[in-house]
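Let me begin by presenting the structure, written as C-alpha cells, before commenting on it.
The values are calculated or read from the model by the stated rules, or taken from the named source; none is laboratory data. In this text, all values refer to a predicted model and were calculated from it rather than measured experimentally. Here the Cβ positions follow ideal geometry from the backbone for every residue, glycine too, while neighbour counts run over all protein chains shown.
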Amino acid sequence: MNVLIIGSGGREHALAWKIEQSDKVKSVLVAPGNGASGRIGKISFLVSISKSRSDLNPNNLEEVSEFCEKHYIGCVLIGPEEPLSNGLADYLIENNPKLMVFGPTKEGAQLETSKSFSKKFMKEYGLPTADFVTVSIDDVKSLDSVFERVPWKHSVVKADGLAAGKGVLIPKDNQEAIEATRSILQGEFGNAGRTVVIEERLEGYEVSALAFVDGISYKRMPLGRDHKRLLENDMGPNTGGMGVVAPVKVPETVDKQIDEIFEKTLKGLAERNIKYCGVLYAGLMIVQEKPHLLEFNCRFGDPETQVLMPLLKTDLFDIIISCVNQNLAQCDIRWSAKHIGGFGAVLDLKSAGFSNESQLVVGIDGVGTKIEVATQCNNFNGIGYDVVAMCVNDVICHCAKPIAFLDYYVCGKLDRSMAKEVLSSISNACAEAGCSLIGKKKPVDYGNYSFHLGGETAEMPGVYGTHQWDLAGCAIAARESTWPMLPLSSSIIEGDVIIGLPSSGLHSNGFSLARKVLTVNGVKYSDPLPWNQETSFGDELLKGTKLYVKTVLPLLTSGLVKGCAHITGGGLTENAIRVLEKRSDVSLVIDCSKWKPQEIFNWIASAGPVETKEMIRTFNCGIGMVLVVRKEKSEEVKRKLSNEEFFEIGSVEKKSSNERIRFINENSLFQPGAYRKERKRVKVAILISGTGTNMQKLIEKSKTPESNCEVVVVISNKETAGGLKLAASYGVPTRVVPHTADRITGDTELAKVLKEFGTELVCLGGYMRILSAYFISQFPSRIINIHPSLLPSFKGSHALQDALDFGAKVVGCTAHFVDELVDHGDIIAQRPVIVEDGDTIETLRQKIQVQEHEMFPNAMISVAAKLLEK
C-alpha cells in the first residue's frame, strides 16, 4: 500500500521513518516538504526546491484528493493542525470512500483549533483545568477591569486560534498580561487572536500525554516532557517545543487520573457525535499530584514524535489500520522503556579507538547575530567554521576529543547557492577539527547543486522571513576515563601561570554591539579598514572562529593543564573564571599589557566609544582560549606551543577582594582616540538635590555607543548632595548653586552656569526645588522631569501616598516636559506599575524606581534626537 503523509517537519519525517519499516507498506510519500526532494528507501519527498515543480498544497482539499486517486494512495496521515482545521479529513473521507484517513474531522479538531471551544468542552465534561475567562476585540478598551475582576494573581494568555505554536504567552505580571492580551487582540497573530483566553497560571511540572484514538477506545503512548522556553534557565518566550525527553514517570495515582481524562474526553466526543480517529495529545500540568489540562492537540506532537517513534516496537501502520477500523482495543502496542533524545547517530567509541570506560561530552551552540553580517555581505564561506568552532572549542575544555558534529540550518526560503556555501564550510571545519559531520548517506540534489546535508536543514516559511535564517550545531566528543577531568579547580594554586592563545578576530560574540558601533558611525560593511585599505569591514568581521583542537587537546590529555577556558559570550571576564568553578580563595589576575589585540578591537573601543571594562566583558579582545598551567610545567607547555603564537597573560593569586578575576594595565589595551569620530551630541545638564540615583542612569546611558547625549555638568543646590561625588567618579564636572532668598536670583545664577557649559537639555534628577518662570523661559521645551505617578493624576510630592489613599490599583511614573505649573507639561513617556496584595509605600517606590531608571534615560535620548533634527 502507498501511504501519504501530509506535513514537512521533523514529526512527519519521524512518522515516515517508522511507517516505512512495515512490510505492508510499499512506499511512503511525504508532502508538502520544504526540505530536500528525492527518495530514501521507501520514502519519497515530493516537493523539489526547483521552481519547475509545484508544492502539493494541503489546504487545497480537491488537489489532495485528486493526488491520492492518481497515485493510488491507500492511507493518508495528516500531520499539521492547519489542514485538519480546514476539514481535509472530512473531505477525503467523503470523496474517497476506500481511503484510510488517520486524523480527526474538522469538528473534532476544534479541541486544538479553538482554545475557547476546548476550555468550554473541558468544563462541560468535568475535565480538570485552570479557571479562565474569554475576551474579544470588543473588550480591548476594558482590559484593566477584566484583570481586576479575575480572582487569580498570575495569568496565561492564549490566542484562541492557531498561531504556529507561538500563541501561548506567559506574562510575568498582570500588567504584562494586559499588554499581551491587547497585542493579540490587535492582530499580533492575525485572525487567530480575534478571541483571547485568559486563564489562571498553574504552578507544577508539565508532561505530554499522547494516545491513539479510534473513536471508541484509546491507547496511551509513554509520557514525555518537552522544554518550551526559547532560552536557557527556563527564560525567554514560549515556543512550540525546543526539546523533549521520553519516557518520563509519574506517580501511579497521577497516571490513573490521566487515564480518567482520556476516558471523559472520549465520552464527551461521543455525546457530541464526533467521530475521532487519530492521535489525541493532552498537555498537562501536574499540580500537587493532580493533573490539569493545559491544552489539547489533535495530532502527533512536535518534538514528541521524534522521541516516541524510536520507542515504539509495534508496527505503526498496524496501529493506524486498527484506529481506522475502530478495533484499536484488540491491537497489542508495545513500547521500549529506554530514554531516547531524538534522531541521532550511534557512535561506536571502541572502533574510534576509545576504551570501554570512555565518556561522552556534548556541546551545543549557535552563531548569533554574526549571520546578519554574513547575509548583508553575501559571504558565507567562513560561517561554518564559526558554528563548528563554537561547539568543539567548548567540548575540548573538558579534555574531550570531538568525534562527530551535527548542524541545524533553518531558513524562511532556501537559497541553494548560499546553502551550498554554508554547508561546505561546515564540512571543511569538521575536517580541520578531526570530527565527522553526521548527515545523510547520499548527496541531496538541489537543482544544479548536489551536496551532503548535516543534521537538519529546514525551511520554515511564516516563522522566518524569506531572507531570514539561523545556524546552530552540536559537537559530540569522547574522553578516556584516564584523561584529566578538567577543570582541576581544587588543584589551582597561587603562582599558577595563565597562558592566552590568540583569537582570529571577533569569532562569534559581541556582534550586536559591533554592528551598533558601525551603525552609529555610518560605516558600511563594504568600507575599507582604516588600517588596511585592501580589506573591508565585512571581511574582517567575518573571519572564521579559530579551531583550537589540534593545538590544545594534546596538552590537556597529557596532564599539563589544570584548566582550559574558551572565550565566548561574556568575554574574558565571564569565561576565564570558569576554570575556578566554586573556588573562593584564589583569583585570576590578567595583565592587559601582555598582548596586543587585533586592530578591529581597537577600532570598536575607540569609535564606539566603548569602555575597556565593557570591551573585555563583551569580546575576546584577541584571546580566544585561556590555559591555567602549573608554574613548573609552564616552560614545557610553551615548548609544545612553539609553532603557535601564545602569550603569558597573568597568574593565579590569593583572593584579596570580591573579584574572582582582576585586570591590570587596562589602559594599555586600546588607544581611545585612535579612531574616534566626533558625532553631534546634545549637551545635557542634570540637576540634583540628593544621592542622584536617576542621575547615575542618565550618565550611564549617555556613555553608550548609540547615545546622542553628553552629560556636561551635574549641579546641586546642596553642597552635601551625595550625587556630586558619584558624578565626579564618572568624570562629569560638578557645581553647587545654593538656594537664595528670592528664587529669581538663584535661578539666574543657575542659568548662567548652565550656559557656561553650553547646556542644550536639562534633566531634573531629583531636584527638590520649584523652578521659576524666568528659568523655564531660558530653556523652553528643553527641561524634562520624572514624576512618580501616572500624570495628570496625583501631582505633588506625596503622589504615591495620594494614589494609595485613593485606592488606585495601578501606579507608575511619567517623564514630562517642565512648564510653569507643578507636575505639568507635555508627557514624553509613562510606565505603569500594578499594586499587588501586600505592597507598601516602600515596595511600590522600589518598583517605580526600576521603571524610572529605564524610562528616564530613554526619554532623554528621545528628546535629544528631536533636538538634533532641528
The condition from (1) crowded, with 22+ Cβ neighbours inside 10 Å; (2) assigned to a helix (DSSP H, G or I); (3) in contact with a helix residue (DSSP H, G or I) (Cβ under 9 Å, 6 or more places away or on another chain) that residue 576 misses is numbered (3)
Looking at (1) in contact with a helix residue (DSSP H, G or I) (Cβ under 9 Å, 6 or more places away or on another chain); (2) part of a loop (DSSP other than H, G, I, E, B), find the lone condition where residue 642 falls short. (1)
Assigned to a strand (DSSP E or B) and either out of contact with any His (no Cβ under 6 Å at 6 or more places or on another chain) or modelled with pLDDT of 95 or more (or both) - does that describe any residue in the stretch 591-605? yes
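Give the stretch 60-81 a look and list any residue that's more than 14 Å from residue 5 (Cα to Cα) and surrounded by fewer than 18 Cβ atoms within 10 Å (Cβ to Cβ), or say none. If you could, list the steps in order and put the result at the bottom.
Restricting attention to the stretch 60-81, the residues satisfying the condition of being more than 14 Å from residue 5 (Cα to Cα) are 60-63, 66, 69-70.
Correct list: 60, 62, 63, 66, 69, 70.
Residue by residue through the stretch 747-773, note down the ones that are outside any loop (DSSP other than H, G, I, E, B) and within 24 Å of residue 693 (Cβ to Cβ).
The first filter runs over the stretch 747-773 and keeps only residues outside any loop (DSSP other than H, G, I, E, B), leaving 747-756, 761-764, 773.
Of everything in the stretch 747-773, those that are outside any loop (DSSP other than H, G, I, E, B) and within 24 Å of residue 693 (Cβ to Cβ) turn out to be 750, 753, 754, 761, 762, 763, 764.
Check the stretch 803-820 and report whether any residue there is within 23 Å of residue 742 (Cβ to Cβ), assigned by TED's automatic domain parsing to the domain that holds residue 686 and not charged (D, E, K, R).
Step one: of the stretch 803-820, the residues within 23 Å of residue 742 (Cβ to Cβ) are 818-820.
Those left that are additionally assigned by TED's automatic domain parsing to the domain that holds residue 686: 818-820.
Then keep just the ones that are not charged (D, E, K, R); that gives 818.
Yes, the conditions are met somewhere in the stretch 803-820.
Would you check which residues across the stretch 668-696 are assigned to a helix (DSSP H, G or I) and in contact (Cβ under 8 Å) with a residue 60 or more places away in the chain and list them?
Our first condition is that a residue be assigned to a helix (DSSP H, G or I); within the stretch 668-696, this holds for 668, 693-696.
Matches in the stretch 668-696: 668, 693, 694, 695.
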Is at least one residue of the stretch 780-787 within 30 Å of residue 515 (Cβ to Cβ), part of a helix (DSSP H, G or I) and either outside the structural domain of residue 853 (by TED's automatic domain parsing) or in contact with a Leu (Cβ under 8 Å, 6 or more places away or on another chain) (or both)? no
Among the residues of the stretch 250-265, count how many are modelled with pLDDT under 95 and among the hydrophobic types (A, V, I, L, M, F, W, C). 2
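Got at least one residue in the stretch 155-176 being more than 28 Å from the chain's Cα centre (by Cα), among the small types (Gly, Ala, Ser) and not assigned by TED's automatic domain parsing to the domain that holds residue 9? Step through it out loud before you land on a result.
Initial filter on the stretch 155-176 (more than 28 Å from the chain's Cα centre (by Cα)): none.
No, there is no match, as no residue in the stretch 155-176 is more than 28 Å from the chain's Cα centre (by Cα), among the small types (Gly, Ala, Ser) and not assigned by TED's automatic domain parsing to the domain that holds residue 9.
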Those residues that are closer than 21 Å to residue 628 by Cα, surrounded by 16 or more Cβ atoms within 10 Å (Cβ to Cβ) and of a type outside the set (Gly, Ala, Ser), I need them from the stretch 494-523; list them, please. 496, 497, 498, 499, 501, 502
Which ones in the stretch 350-383 are buried (at least 18 other Cβ atoms within 10 Å of the Cβ), hydrophobic (A, V, I, L, M, F, W, C) and part of a loop (DSSP other than H, G, I, E, B)? 354, 367, 380
Do we find that residue 742 is charged (D, E, K, R) and closer than 17 Å to residue 821 by Cα in this structure? no
Given the condition assigned to a helix (DSSP H, G or I) and touching a strand residue (DSSP E or B) at 6+ places or on another chain (Cβ under 9 Å), answer yes or no: does some residue in the stretch 815-830 qualify? no
Has the stretch 125-132 got any residue that is of a type in the set (D, E, K, R) and crowded, with 17+ Cβ neighbours inside 10 Å? no
Verdict on residue 438 being β-branched (Val, Ile, Thr) and modelled with pLDDT of 90 or more: no
